[in-house]
Amino acid sequence: MFAAVVPPPEVVEHLDAFLEVRRAAAPFRWAPADQLHLTVAFYAAVPDRALDDLVERLERAAERRTAFGARVAGGGAFPHAADARVLWAGLDLQDDAREELDRLAAGARAAASRAGVAVDGQRFRPHVTVARLGHPAGVTDWVRLLDSYEGPAWTVDTLTLLASYLGEGPRGRPRYEVVAEVPLPGPAVV
């Protein structure tokens, strides 16, 4: 399972349209539009007995946050453009939004720890994975291309808990299922 910010359909459609005309140029495993999201906390295994507690704690963590404005813009690669395994789109966060997003991620991780769920310990680096590479490769041109992208603004007002079923989606990809959607309080910011 993972806690994520899922962009609204119009934001996903805009990014997908930008990528669609370019996908044939690279043999990457492109993320399908319905799987574009920003993971804020990854939970490798959530025992059934901990699920209700996790959802309640995510609700409490979200209550402490405020909705904020964002847009998908720019891009990069992990671990780096010269030897990439992942190609990603970035986030342009308005005003104090970066701090709010960092606190949301910290709250989602703390909620899991308090519910007895193990949390991936990697440093939080906000991004939307758009493609995975079968083997490390240079993607500098792709990063430059993504750097030219700027999607529509939207208000991040929901934290979504998703279950991931590996290999159950089309072509052996994961299948995602929404477990819970938790609202973030506050006015619209777009």
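The values are calculated or read from the model by the stated rules, or taken from the named source; none is laboratory data. What you are looking at is a predicted structure, and each value in this text was computed from that prediction instead of being measured. Ideal geometry is used to build each Cβ from the backbone, glycine not excepted, and the neighbour counts take in all protein chains shown.
Things to note:
- Which listed residue is among the basic types (Lys, Arg), closer than 20 Å to Val179 by Cα, surrounded by 15 or more Cβ atoms within 10 Å (Cβ to Cβ) and at pLDDT 95 or above, from Arg85, Arg57, Arg71: Arg57
- 2 or more residues closer than 19 Å to Tyr149 by Cβ: qualifying strands (runs of 3 or more DSSP E) within region 11-123: 68-78, 84-93
- Count - residues of region 142-157 that are within 15 Å of Arg22 (Cβ to Cβ) and either surrounded by fewer than 16 Cβ atoms within 10 Å (Cβ to Cβ) or among the hydrophobic types (A, V, I, L, M, F, W, C) (or both): 7
- Out of Ala97, Ala70, sole residue that is more than 15 Å from the chain's Cα centre (by Cα) and in contact (Cβ under 8 Å) with a residue 12 or more places away in the chain: Ala97
- For Thr129, the criteria (1) touching a Leu at 6+ places or on another chain (Cβ under 6 Å); (2) under 29 Å from Gly172 (Cβ atoms) hold in every case but one, which is (1).
- Those residues of region 1-28 which are among the charged types (D, E, K, R) and loosely packed, with under 14 Cβ neighbours inside 10 Å, in sequence order: Glu10, Glu20, Arg22, Arg23
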